[in-house]
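Comments concern the structure below.
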Amino acid sequence: MQKRTFKHFIAILFIAAFVILTSGKMLALYILAGFNVALLTFNLLVRKSLAFKPWFLSKFNIFSANFSREFEVEIPADLAFDKILEVVAESGFKLARADKDKLEILAISTTSWKSWGENIYFKIEENAGQTLVRFDSAAIFGMYTWGKNEDNYSVFFEKLEDSFTI
Amino acid sequence: MLAKRKMQLKELAERTGVSVVNLSILKTGKVRAVRFSTLESICQVLQCQPGDILEYKD
């Protein structure tokens, strides 16, 4: 079960303030619908860009629920980068961007009739001889993902562990 | 063994069907396990025995 976060609190405040301020007028519904469509369109347009990673992962972006984990791998960073690229393909994610200089990867989880898919970001860092991988999964448009972000991590991590048996 | 056979990692990867990344990780000794089929294909291509490519270090 996803924990109540700061984002959920802000989202509830936002909706409550909107309902009170507009006092249930029909125009308010149109504005809300228009805002949602505009935001979804914008997110879909920028989803494949690594430059918008901070936008999707920002704690102030209440419309994109996200999930983060950091783990260590026992191989050098450049090798970890190639390994993650391999595992991304095996996990059923679609590779959107890969920047070997910055050691950053952007993948997209499978889309279906009921989901836009999530953006999955990887950032590899070498720190004091350790290689750390930061995994972030963010919804394209949704305050709550019903565990899909966590599932993406589980699928990826399981495949990564398996991939060390060659 | 690769140097002895004057072979590059990329060529070994192509001939064994094991990716360059996995062979690189194998070289660093960081793999969790090696399948017999992988070992067999590497030995077949390099024309050597498993003992020639595996080493136990205390």
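The values are calculated or read from the model by the stated rules, or taken from the named source; none is laboratory data. Since the model is a prediction, treat every value here as computed from it, not as a measurement. Backbone-built Cβ (ideal geometry, glycine too); neighbour counts: all protein chains shown.
Points worth noting:
- Residue that is farthest from the other protein chains (Cβ to nearest Cβ), among those in segment A:135-166 that are assigned to a strand (DSSP E or B) and touching a residue at least 60 places away in the same chain (Cβ under 8 Å): A:GLY142
- Test result for A:ALA28, in contact with a Leu (Cβ under 9 Å, 6 or more places away or on another chain), of a type in the set (Gly, Ala, Ser) and either at pLDDT 90 or above or farther than 22 Å from A:LYS102 by Cβ (or both): yes
- Enumeration of residues in segment A:28-81 that are among the small types (Gly, Ala, Ser), in contact with a strand residue (DSSP E or B) (Cβ under 6 Å, 6 or more places away or on another chain) and either within 14 Å of chain B (Cβ to nearest Cβ) or over 16 Å from A:MET143 (Cα atoms) (or both): A:ALA77, A:ALA80
- Count of residues meeting criterion [among the polar types (S, T, N, Q) and under 12 Å from A:PHE122 (Cβ atoms)] in segment A:151-165: 1
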